[in-house]
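*Asks:* This is the structure I have questions about; it appears just below.
The values are calculated or read from the model by the stated rules, or taken from the named source; none is laboratory data. Computed from a predicted model, the values in this text were never measured in an experiment. Here the Cβ positions follow ideal geometry from the backbone for every residue, glycine too, while neighbour counts run over all protein chains shown.
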Amino acid sequence: MRTDTSPPVRLSNYRPYPFVIEHVQLDFLLEANKTRVINKMTGKRSYGEHALMKLDGEDLKLVSIAINGLAVPEDQYEITEEGISIQMPVDEFILEIETEISPETNTQLSGLYMSGGRFCTQCEAEGFRRITYYPDRPDVLAPFDVRIEANKAAYPFLLSNGNPVRQGNIGTERHFAEWSDPHPKPSYLFALVAGDFDVYNDSFTTISGKETPLSIYVDKGDSQRAAYAMDALKRSMSWDEDVFGREYDLDVFNIVAVRDFNFGAMENKGLNIFNSAYVLADGQTATDTDFEAIESIVAHEYFHNWTGNRITCRDWFQLCLKEGLTVYRDQEFSADMRSRAVTRIKDVIRLRARQFAEDAGPLAHSVRPDEYARIDNLYTATVYEKGAELIRLLRTIIGDTAFFAGLNRYFDTYDGQAATIEDFLNSMQLSTSEDLREFARWYSQSGTPVVSATGTHDTIARTYTLSLKQKTEPTPGQTDKKPLPIALRTALFSNKGKRLTTKLNGNSDDEHLIILRDTQQDFVFTDVSSEPIHSLNRGFSSPIRLEDGLNDANRSALAAADNDPFAQWEGLQTLARNLLLDMVGEEDQTDRLNAFIDAIDEAFTAAIDDPAYAALILRMPTVGELILDQAEANPSSLHTARLKLKRAIARHMESSLVATIQHSETGAFDPSAEAAGRRALKATAIDLLSRLHDEHSDRISSSFHSATTMTEKLAALNALANIEGGSQSGEYFDAALTEFEEEWAEAPLVMDKWYSVQAMSVRQDLRARLQRLCARPDFDLKNPNRVRALAGAFAMNNPVAFHAPDGWGYEFLTDLILKVDDLNPALSARLVTSFESWRRFSADRQIHAEKQLRRLDDANLSKNAQDIITRALALSSN
Ligand code: B3K
Ligand code: ZN
């Protein structure tokens with residue numbers, strides 16, 4: 001076991017930086033194997049008598065160092081593994097440091113690296129220190145001027161943050177460009193790109209009438225595939241003006257797509273850098289899910305311009321300040337662009353799949369933690385998705401007027417500064433009469449609260465008393481949990497399914513907002529003439545797990561009656577979840593199963609005019625979700641139960657599903673939410689029919705061949721991958737894979753899908769198949785998209801194989817992690833998180849998972865991976 005882990009970084013140790021950097025001038029002489037960086041920092045001592053100026057630095061070769069034009073003697077500075085400490089003899093200084101780096105050999109994809117023969121950067125969170133010595137922390141803000149010099153033929157475009165200043169030739173072979181970013185920014189927002197691209201150009205006129213050129217830089221030949229991203233960008237710019245009153249603030253806005261990127265995209269000021277998977281799309285090569293992701297990620301990065309860039313984080317503990325708020329903003333944008341109900345349902349599915357699982361395991365941490373070992377590992381579903389839920393919850397509690405007043409106050413007060421969660425909440429507090437002190441606890445307390453409800457009707461008093469309890473289970477390092485303010489949008493229905501107008505605290509309405517503040521509280525509704533059925537946490541108003549105390553009959557009645565699509569969907573999901581968990585047991589559930597199918601059929605028929613929603617009605621809870629509700633979970637039996645349920649639905653609705661998959665769209669590809677909804681329904685129908693063994697293989701195979709969009713093609717391919725117990729479909733699957741590969745071998749983003757389909761397949765011989773895939777020349781361990789396409793899809797979306805009883809799935813992933821870690825620690829650490837729920841599984845699986853975790857623990861891996869391994873193995877506190 002590794003013992004040399006460094007002590008964690010603690011919030012309580014925060015101290016401001018003792019120097020101010022007033023201006024940064026960076027000069028780059030770009031060469032793939034030997035780039036020179038000349039960094040001229042103008043600054044002064046800020047407070048105290050600090051003689052030592054500490055700058056962060058990693059993998060840098062120092063060439064020279066001078067203060068106010070004089071070389072610093074060697075005994076006046078010290079280079080360590082973390083950076084450099086310089087004796088600062090003066091109060092005001094121009095500190096000039098020249099370093100050398102090798103972008104070509106930088107496989108970590110952090111700092112300045114090469115992707116597809118181009119230079120690009122990734123600095124958040126601590127990549128800038130891999131470019132030059134600098135106080136690489138978010139509370140040191142400075143305006144940057146950048147000059148880039150490079151070979152002209154190889155790197156015709158030279159880009160950085162801010163506004164273009166000038167460019168020109170140097171002799172015949174080289175050229176330069178200068179950029180100036182007037183907005184003081186922390187180093188994590190620095191960006192540089194150099195290379196050859198095709199450019200998709202457009203412009204946007206801001207609300208104050210400023211025409212702003214917009215450009216998206218993509219691979220040669222790909223510019224038309226950037227059209228949708230550009231459209232999403234313009235809609236985001238306009239939406240942020242309309243809804244949040246935020247205008248763009250530079251002369252230009254650039255986006256660059258790169259192939260090798262550790263995550264989705266990065267909000268560098270004026271120069272967003274994107275994983276090409278989230279820029280490039282057309283109907284032939286991208287699915288509707290890709291289009292949806294592009295729209296939301298383009299919006300997310302753009303929205304960071306205010307929530308993250310103009311106001312940044314004081315330290316990385318405050319990460320949720322920019323991420324939670326920005327995710328909330330992008331979710332609202334998607335809700336306005338698409339269907340609000342469908343967007344909300346998808347947000348909740350994602351929250352449950354990723355954040356609830358994180359909260360329930362050894363990696364649980366609060367939205368604003370007190371300490372961390374490795375900052376890269378703090379970019380989690382809790383910080384992002386739960387962080388967004390907290391913003392939504394705050395808005396629900398204080399109301400729209402106070403919410404927007406508070407936000408405007410926050411923007412006015414902290415513009416150009418590095419802020420904290422307390423600063424944000426103070427701005428909100430000054431705009432509302434609600435006391436937000438208890439709300440702040442949501443940021444420091446980890447774990448998902450469980451709310452349980454019971455109701456009592458008094459016929460004579462005509463009251464309904466709703467008794468609510470909340471409880472949060474202990475999480476690592478946090479055993480003592482306090483009550484949180486939990487907002488529950490609540491409606492009461494008659495047993496005939498009519499929404500009742502009742503009184504609560506003197507207000508008469510057909511929906512009330514309850515705020516549960518204590519561990520246990522009663523809420524008394526009056527004017528309730530007959531025994532009602534309660535519908536709680538409507539719209540998922542709080543990120544909790546609900547034990548609603550209802551029986552199946554009540555839930556079915558609600559699902560049939562509710563006019564709120566989210567509540568209806570949630571009711572059906574709860575019915576499905578409970579049924580599936582019971583189907584794993586011995587007892588016969590045939591009657592319940594039949595009743596459930598009738599409920600689904602009825603809801604589906606009523607929803608048919610909204611195909612995106614109808615598709616969600618037919619979606620059944622995943623094995624990953626069910627695991628959270630089962631002690632000693634057995635993924636195979638959960639999968640079998642799920643398959644049985646889906647098979648029964650498919651049999652019951654067979655003819656209408658067949659009709660659905662026979663529908664084809666005509667005309668040009670339409671990426672709208674409506675058209676995507678129709679395709680989603682078709683995909684759901686194909687998936688269900690594929691559960692009837694080989695019965696519909698012919699139909700599914702011909703659907704693959706006749707598909708005109710990638711969404712339909714992939715739906716059919718996935719269905720063929722999932723048919724269990726059919727030999728015909730096996731042949732179809734292999735033939736389809738071959739055809740797909742022949743068509744798309746030169747399109748890496750499409751081939752990623754080809755890898756994923758196979759990694760998620762339930763066909764026999766999967767282990768051998770995966771090994772063959774890993775041995776292919778195009779399986780590039782340096783490309784995170786490719787690694788995730790295989791390993792991520794396998795570990796996250798193939799629970800039966802990943803959790804195989806003999807442990808091969810765990811072993812396969814571990815082998816891969818061991819290979820990736822040396823090249824890319826951020827990626828390997830992310831793969832290790834696939835083990836996060838290991839203690840929830842049956843004993844045999846735990847033995848295999850622990851064996852592989854111990855193997856990783858013994859392997860002396862990167863600090864990032866080690867952090868996750870250590871936490872995963874730690875004895876849980878609950
Ligand atoms: N801020 C970046 C994420 C950076 C991740 C660094 N490990 C993208 C985003 O959230 O918008
Ligand atoms: Zn973000």
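*Asks:* How many residues are touching a strand residue (DSSP E or B) at 6+ places or on another chain (Cβ under 9 Å), part of a loop (DSSP other than H, G, I, E, B) and within 21 Å of N309 (Cβ to Cβ) when one looks only at the range 86-141?
*Replies:* The qualifying residues number 14.
*Asks:* May I ask you to say which residue of V256, V298 is in contact (Cβ under 8 Å) with a residue 12 or more places away in the chain, outside any strand (DSSP E or B) and within 15 Å of ligand 1 (Cβ to nearest atom)? Show your work before the answer.
*Replies:* Values: V256 fails: outside any strand (DSSP E or B).
The unique qualifying residue is V298.
Yes/no matrix, rows are residues, columns are (1) under 16 Å from R36 (Cβ atoms); (2) buried (at least 22 other Cβ atoms within 10 Å of the Cβ):
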residue: G111; (1), (2): yes, no
residue: E124; (1), (2): no, yes
residue: D139; (1), (2): no, no
residue: N151; (1), (2): yes, no
residue: F157; (1), (2): no, no
residue: N161; (1), (2): no, yes
residue: V165; (1), (2): no, no
residue: G171; (1), (2): no, no
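*Asks:* Also: From I391, I397, which residue is in contact with a strand residue (DSSP E or B) (Cβ under 9 Å, 6 or more places away or on another chain), under 16 Å from M428 (Cβ atoms), assigned by TED's automatic domain parsing to the domain that holds E438 and away from ligand 1 (no atom under 13 Å from the Cβ)?
*Replies:* I397
*Asks:* Given (1) in contact with a Gly (Cβ under 9 Å, 6 or more places away or on another chain); (2) surrounded by 20 or more Cβ atoms within 10 Å (Cβ to Cβ), where does D821 come up short, assuming only one miss?
*Replies:* (1)
*Asks:* How about the range 423-472: which of its residues are part of a loop (DSSP other than H, G, I, E, B), of a type in the set (D, E, K, R) and over 28 Å from C320 (Cβ atoms)? Walk me through it before giving the result.
*Replies:* Going residue by residue through the range 423-472, those that are part of a loop (DSSP other than H, G, I, E, B) are 430-440, 445-449, 459-462, 472.
Going one step further and asking which of them are of a type in the set (D, E, K, R), we end up with 434-435, 437-438, 462.
Within the range 423-472, R462 is the sole residue that qualifies.
*Asks:* Condition first: farther than 16 Å from L579 by Cα, assigned to a helix (DSSP H, G or I) and either touching a Leu at 6+ places or on another chain (Cβ under 9 Å) or not assigned by TED's automatic domain parsing to the domain that holds D582 (or both). Now tell me which residues in the range 635-653 satisfy that.
*Replies:* A650, R651
*Asks:* Please name all residue pairs, on different chains or six or more residues apart, with Cβ atoms under 8 Å, provided the first residue is in the range 73-88 and is farther than 19 Å from G127 by Cβ and the second residue is among the polar types (S, T, N, Q) and in a strand (DSSP E or B).
*Replies:* Q76/Q87; Y77/S85; Y77/Q87; E78/S85
*Asks:* Only residues in the range 728-752 that are more than 17 Å from V762 (Cα to Cα) count as the first member; pair them with residues that are of a type in the set (G, A, S) and modelled with pLDDT of 95 or more, Cβ under 7 angstrom, at least 6 apart or cross-chain, and list the lot.
*Replies:* Going by the 7 Å Cβ cut-off, the qualifying pairs are L749/S276; L749/A277; M751/A745; D752/A789.
*Asks:* Let me ask something additional. Report, by residue number, each residue of the range 279-297 that is away from ligand 2 (no atom under 16 Å from the Cβ) and among the polar types (S, T, N, Q).
*Replies:* Q284, T285, T287, T289, listed by residue number.
*Asks:* Related question: Does D242 qualify as being acidic (D, E), surrounded by fewer than 21 Cβ atoms within 10 Å (Cβ to Cβ) and away from ligand 2 (no atom under 14 Å from the Cβ)? Full working, then the answer.
*Replies:* Numbers: acidic (D, E): yes; surrounded by fewer than 21 Cβ atoms within 10 Å (Cβ to Cβ): yes; away from ligand 2 (no atom under 14 Å from the Cβ): yes.
Spelling it out, D242 is indeed acidic (D, E), surrounded by fewer than 21 Cβ atoms within 10 Å (Cβ to Cβ) and away from ligand 2 (no atom under 14 Å from the Cβ).
*Asks:* Looking at (1) more than 13 Å from ligand 1 (Cβ to nearest atom); (2) under 23 Å from D423 (Cα atoms); (3) buried (at least 24 other Cβ atoms within 10 Å of the Cβ), which is the one condition that is false for I311?
*Replies:* The number of the failed condition is (3).
*Asks:* Residue by residue through the range 684-703, note down the ones that are of a type in the set (G, A, S), in a helix (DSSP H, G or I) and under 18 Å from M620 (Cα atoms).
*Replies:* A685
*Asks:* Restricting the search to the range 358-368, which residues are of a type outside the set (V, I, T), over 23 Å from E632 (Cα atoms) and either at pLDDT below 95 or crowded, with 23+ Cβ neighbours inside 10 Å (or both)? Let's see the steps before the verdict.
*Replies:* Going through the range 358-368, the residues of a type outside the set (V, I, T) turn out to be 358-366, 368.
Now restrict to residues that are over 23 Å from E632 (Cα atoms): 366, 368.
Selection gives R368 alone.
*Asks:* Tell me the residue from D330, D282 that is charged (D, E, K, R), under 13 Å from the mean Cα position of the chain (by Cα) and within 23 Å of G677 (Cβ to Cβ), please.
*Replies:* D330
*Asks:* Just name the residue that is nearest to A227 (Cα to Cα) out of those in the range 298-328 that are charged (D, E, K, R) and more than 11 Å from ligand 2 (Cβ to nearest atom).
*Replies:* R310
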